[in-house]
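These notes concern the structure reproduced below.
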Amino acid sequence: MTTLPDLGLDVVRPGFRTSAVHAGQEPCGLTGAVVPPIYQTSTFTQPGVDTFYTGYEYSRGANPTRSGLETQLAALEGGARGFAFASGIAAEDALLRAVLRPGDTVLAAAETYGGTHRLLSVLYSRWGVETVFVNPQDETALRAALEDDAAKLVWLETPTNPLLSVVDIARWAEAAHAHGALLAVDNTFASPALQTPLALGADVVVHSTTKYIGGHSDVLGGALVTGEAVWEGEPLGDLLGYQQFAAGAVAGPQDAFLTARGLKTLGVRIRQHCENARAVAEWLTGHRRIARVLYPGLADHPGHEIAARQMSGFGGLVSFAVVGGEAAARRVAESTGVFGLSVSLGGVESLISHPATMTHGSTRGTPQAPPADLLRLSVGIEDVEDLIEDLDRALLAA
Ligand SMILES: *Cc1c(COP(=O)(O)O)cnc(C)c1O
């Protein structure tokens, strides 16, 4: 039998798409299979009571399929360690519990994902963790809140959901660190193909891998990636790893496999998402039934300059307000054919949603509630002419 060579990637500084395909995804060392197998196992036999064949013991602690995805995620975010969870919310929960204690305060940008808002304002408030929401565009308010509340953790999402506001990550990192707080950035909307928050000063990146990373709307997942950050004397990566193991909301092997497979094509998918979203945003801008278009790639978007600086593309999400208010917006959402009426985003297929009643229903009546005339598009990778024709028909029907 010929021994297999070292199949590791022999490139000094692999680019994004090279890492996406190869990091953590080396061919199987036993058979040479190009795609590493799915280790569908809960446990691993051991040669001795305190020794292990390759370090694996029990799949809640670590599983090779999950480890492969975690390596891939860490490489793409430019971090040292990645952790894969059963959902984005499970990843958020692990981070919050790893670093916060009852009595602590979180400072969160007001325009967060609805589920993050619910997790913090409903569940964490019951456990004595208070969240102060600040307008992400108001740096003075952010600094004043940091001064007043001694927050342990600052939570930021950019571009925001569903208004697609853009926040300057480097400035927020500097403000958080000046007050001894950690900065967490939910990078779900941009994905690591367009933005790497750790390089801009964030301490930890959060993902719903359900969205662009998985990319095909066929698997739920979440991730945390951290670099060298230290929290209360311990490496943040150790705290997150312990939390993941001890609380156990891990990604299973099948889900980790699907996510890793989707992630391999993120670089090429995101180009088409960006190109289609820009064309759709420009087309909507001229339409008489549209009151307002929000897309960071448009020159008149208030966050355009920051986005151009901190992102390498403007993303696949476009929000717009319809003339005629909520009733008209709801009719448009219910009149498309190619765009599916659905929550979620980041898949190859185009989706439309009405955030005020769908993703952000839990913010109703609060200052965080999105405008009722707003629709959000997750622009897929279909032929853009078909997407525009579909929207045109829906706008005329409404
Ligand atoms: C979907 C989403 C989440 C939650 O992730 P799940 O995988 O649905 O648990 C968190 N943040 C953002 C920005 C999201 O879009």
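The values are calculated or read from the model by the stated rules, or taken from the named source; none is laboratory data. Since the structure is predicted, the reported quantities are computational estimates derived from the model, not experimental observations. So basically every Cβ, Gly included, is an ideal-geometry build from the backbone, and we count neighbours across all protein chains shown. With ligands, DNA and RNA removed, areas are computed over all heavy atoms of the protein, side chains included. Shrake-Rupley method; radii C 1.70, N 1.55, O 1.52, S 1.80 Å.
Our coupling estimate for segment 310-315, obtained by passing each phi through the Karplus curve with A = 6.51, B = -1.76, C = 1.60 and θ = phi - 60°, is 9, 10, 9, x, 9, x Hz, Gly and Pro reported as x. Amide H contacts of residue 292: 321, each under 5 Å away and 5 or more positions distant or on a separate chain (H built 1.01 Å from N in the peptide plane; Pro and chain starts excluded). Of the solvent-accessible surface of the chain, computed with a 1.4 Å probe over protein heavy atoms with every protein chain present, carbon and sulfur atoms account for 53 percent. Only protein heavy atoms count here; under a 1.4 Å probe, residue 67 has an accessible surface of about 30 Å².
Computed from backbone phi with θ = phi - 60° and the Karplus coefficients 6.51, -1.76 and 1.60, the 3J(HN,Hα) list for segment 11-21 is 10, 5, 10, x, x, 4, 6, 5, 5, 4, 7 Hz; x is used for glycine and proline.
Considering the chain at the alpha-carbon level, its Rg and Dmax are found to be 21.5, 73 Å.
From its DSSP helices (H runs of at least four residues, each -39,500 (n - 2.57)), the chain gives a residue-normalised ellipticity at 222 nm of -10000 deg cm²/dmol. Spin-label model, residue 242/residue 282: points 7 Å from Cα along the beta carbon direction are separated by 5.3 nm. With the cut-off at under 14 Å, measuring from each backbone N in segment 291-331 to a point 7 Å along the Cα-to-Cβ line of residue 341 picks out 327-331. Protein heavy-atom accessible surface, 1.4 Å probe, per residue over the chain: 43 Å². Taking amide H positions as modeled 1.01 Å from N, with prolines and chain starts lacking one, the residues under 5 Å from residue 133 and 5 or more places away or on another chain are 108.
Stokes-Einstein diffusion for segment 267-397 at 20 °C, viscosity 1.002 mPa s, with a Kirkwood radius from C-alpha pairs, works out to 145 µm²/s.
3J(HN,Hα) couplings calculated from phi for segment 97-107 with the Karplus curve 6.51 cos²θ - 1.76 cosθ + 1.60 (θ = phi - 60°) are, in sequence order, 6, 5, 10, 9, 10, x, x, 7, 10, 10, 10 Hz; Gly and Pro show x. Close amide H contacts of residue 87 (hydrogens built in the peptide plane, cut-off under 5 Å, sequence separation of 5 or more or a different chain): 222. Put the Cα centre of segment 381-396 next to the Cα centre of segment 284-299 and the gap is 15 Å. Residue order by solvent-accessible surface for 359, 160 is 359, 160, largest first, with ligands and nucleic acids left out and a 1.4 Å probe.
Between 0 and 90 degrees, the angle of helix 236-247 with respect to the longest Cα principal axis of the chain falls at about 90 degrees. Between segment 242-277 and segment 191-235, the C-alpha centres lie 10 angstrom from each other.
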